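*Asks:* First the structure, then my questions, so here it is.
The values are calculated or read from the model by the stated rules, or taken from the named source; none is laboratory data. Source: prediction; values computed, not measured. FYI the Cβ positions are ideal-geometry reconstructions off the backbone, even for glycines, and counts take in every protein chain you see.
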Amino acid sequence: MINFFRKKRKSLANDNKAVKYTRYAIGEIVLVVIGILIALSINNWNENRKNKIIENTYLENIKTDLKTNLRYLEKFIEKRQETVNSVGITLEFFNEKKTLDINKFNYHCLTVLNWSPFEQHDNTYQELINSGKLSILTNKTIKDSLQNMQTNFKGIQFIESEMEEDYERYLYDPFFSTIDLETSLNIFQAKQKNIKNLPELDSINVQILLKNKTFKNGFVLADYNSTNLISEYSNMVSSTKKLINLIDAELNKTTK
């Protein structure tokens, strides 16, 4: 097509060499510029297409991480709620509001003591940060939501680190220094399987724990921190679901 226009202009330029040659030269320049612009446009389009494919791959991987977090967050909410419930029952024994049931006391003590922090799944986000590729995410709302989520998880980690220190000082030390752990765990596991005729802990040692103010305060702190974590986990569940919806909407743009 370009060769056709060149030949046409050249034949017209032969009738008036000075003016028409200038026109021909200008036409040549215009054609070259147009050709460059077209080439650049095609190159940019191809580059944008490649970047979009890479971006979508990252978005899919982020969504996978978020769904994993969502599953574990919901489990941790249940676990923290179990802790709150067991704390309530245990404190009734401390406050002598219920007749002491040693095996029940042991069961709920171990339910509270069975604690672990939440581990966030953010491999894809960390990969983007470490490689300096976070800018490949073109949707600002998604990018901001991811960064806000990281900040919120740091807040959760702070609460959990404080809780871990409380457990070490107020709960683990008194319990492990007073109770025979092997017997305690055997009773706990047997109760989980609904086995009857359970052995019992030494009642004297249990009474020592019930009179230990530090141990009791550990349960109060466990209740306080677990309640806070339930709230934080629940907020994170909500924000995670919203972010997944944002990512789905962004991915759907390229399929339409």
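*Asks:* Is there a residue being at pLDDT 95 or above, in a helix (DSSP H, G or I) and touching a His at 6+ places or on another chain (Cβ under 8 Å) anywhere in region 51-64?
*Replies:* Within region 51-64 (the criterion being at pLDDT 95 or above, in a helix (DSSP H, G or I) and touching a His at 6+ places or on another chain (Cβ under 8 Å)), the answer is no, since none of the residues qualifies.
*Asks:* Next up: Test ILE244 against the criterion of being at pLDDT 95 or above and surrounded by 12 or more Cβ atoms within 10 Å (Cβ to Cβ), and give yes or no. Even if it seems obvious, please write down each step before you answer.
*Replies:* Working: at pLDDT 95 or above: yes; surrounded by 12 or more Cβ atoms within 10 Å (Cβ to Cβ): yes.
Considered against the rule, which asks whether it is at pLDDT 95 or above and surrounded by 12 or more Cβ atoms within 10 Å (Cβ to Cβ), ILE244 comes out as yes.
*Asks:* With the requirement that a residue be among the basic types (Lys, Arg), closer than 27 Å to PHE93 by Cα and exposed (fewer than 15 other Cβ atoms within 10 Å of the Cβ), what does region 206-241 give you?
*Replies:* Kept after step one, since they are among the basic types (Lys, Arg), are these residues of region 206-241: 211, 213, 216, 241.
Now restrict to residues that are closer than 27 Å to PHE93 by Cα: 211, 213, 216.
Correct list: LYS211, LYS213.
Residue-by-condition table, conditions (1) surrounded by fewer than 17 Cβ atoms within 10 Å (Cβ to Cβ); (2) over 17 Å from VAL220 (Cα atoms); (3) touching a Leu at 6+ places or on another chain (Cβ under 7 Å):
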{"site": "ASP65", "(1), (2), (3)": "no, yes, no"}
{"site": "THR68", "(1), (2), (3)": "yes, yes, no"}
{"site": "TYR72", "(1), (2), (3)": "yes, yes, no"}
{"site": "ILE77", "(1), (2), (3)": "no, yes, no"}
{"site": "THR83", "(1), (2), (3)": "no, no, no"}
{"site": "SER86", "(1), (2), (3)": "no, no, no"}
{"site": "ASN95", "(1), (2), (3)": "yes, no, no"}
{"site": "HIS108", "(1), (2), (3)": "no, no, no"}
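*Asks:* Hey, among SER203, SER177, which residue is small (Gly, Ala, Ser) and within 20 Å of GLU92 (Cα to Cα)?
*Replies:* Values: SER177 fails: within 20 Å of GLU92 (Cα to Cα).
None of the other options fit; the residue is SER203.
*Asks:* Then there is this: Looking only at region 247-256, filter to residues that are in contact (Cβ under 8 Å) with a residue 60 or more places away in the chain and of a type in the set (A, V, I, L, M, F, W, C); which one of those is surrounded by the fewest Cβ atoms within 10 Å (Cβ to Cβ)?
*Replies:* Initially, region 247-256 is screened for residues in contact (Cβ under 8 Å) with a residue 60 or more places away in the chain, giving 247-248, 250-251, 254.
Right, trim to of a type in the set (A, V, I, L, M, F, W, C) and you get 247, 251.
Numbers: ILE247: 22, LEU251: 14.
So, considering only residues that are in contact (Cβ under 8 Å) with a residue 60 or more places away in the chain and of a type in the set (A, V, I, L, M, F, W, C), the one surrounded by the fewest Cβ atoms within 10 Å (Cβ to Cβ) is LEU251.
*Asks:* Which members of region 178-216 meet the condition of being small (Gly, Ala, Ser) and at pLDDT 90 or above?
*Replies:* At the first step, the residues of region 178-216 found to be small (Gly, Ala, Ser) are 184, 190, 203.
If the condition is that a residue be small (Gly, Ala, Ser) and at pLDDT 90 or above, then SER184, SER203 are the ones that fit.
*Asks:* Does THR83 qualify as being β-branched (Val, Ile, Thr), within 18 Å of ASN228 (Cα to Cα) and assigned to a helix (DSSP H, G or I)? Spell out how you get there, then give the answer.
*Replies:* Details: β-branched (Val, Ile, Thr): yes; within 18 Å of ASN228 (Cα to Cα): yes; assigned to a helix (DSSP H, G or I): yes.
The answer is yes for THR83.
*Asks:* For THR90, all conditions in the list (1) buried (at least 19 other Cβ atoms within 10 Å of the Cβ); (2) more than 23 Å from TYR172 (Cβ to Cβ); (3) more than 25 Å from the chain's Cα centre (by Cα) hold save one; what is the number of the exception?
*Replies:* (2)
*Asks:* Would you please name the residue that is nearest to the chain's Cα centre (by Cα), looking only at residues in region 149-197 that are aliphatic (A, V, I, L, M) and loosely packed, with under 15 Cβ neighbours inside 10 Å? Spell out how you get there, then give the answer.
*Replies:* So the first thing to find is which residues in region 149-197 are aliphatic (A, V, I, L, M), and the list is 149, 156, 159, 163, 171, 179, 181, 185, 187, 190, 195.
Those left that are additionally loosely packed, with under 15 Cβ neighbours inside 10 Å: 181, 185, 195.
On the way: LEU181: 35, LEU185: 33, ILE195: 39 Å.
So, considering only residues that are aliphatic (A, V, I, L, M) and loosely packed, with under 15 Cβ neighbours inside 10 Å, the one nearest to the chain's Cα centre (by Cα) is LEU185.
*Asks:* Let me ask another. Working only within region 86-110, note down all residues that are out of contact with any Asp or Glu (no Cβ under 7 Å at 6 or more places or on another chain) and not in a helix (DSSP H, G or I). It would help to see each step written out before you state the result.
*Replies:* Our first condition is that a residue be out of contact with any Asp or Glu (no Cβ under 7 Å at 6 or more places or on another chain); within region 86-110, this holds for 86, 88-97, 99-101, 104-110.
Selection gives ASN95, GLU96, LYS97, THR99, LEU100, ASP101.
*Asks:* With the condition kept exactly as written, say whether any residue in region 194-217 is hydrophobic (A, V, I, L, M, F, W, C), within 26 Å of THR151 (Cα to Cα) and in contact with a helix residue (DSSP H, G or I) (Cβ under 9 Å, 6 or more places away or on another chain). Show your work before the answer.
*Replies:* Residues of region 194-217 that are hydrophobic (A, V, I, L, M, F, W, C), as a first pass: 195, 198, 201, 204, 206, 208-210, 215.
With the extra rule that they be within 26 Å of THR151 (Cα to Cα), the set shrinks to none.
There is no residue in region 194-217 that is hydrophobic (A, V, I, L, M, F, W, C), within 26 Å of THR151 (Cα to Cα) and in contact with a helix residue (DSSP H, G or I) (Cβ under 9 Å, 6 or more places away or on another chain).
*Asks:* Are there any pairs, at least 6 apart or on different chains, whose C-beta atoms fall under 7 Å, with the first in region 158-172 and at negative phi and the second among the charged types (D, E, K, R), and if so, which?
*Replies:* The qualifying pairs are ILE159/GLU232.
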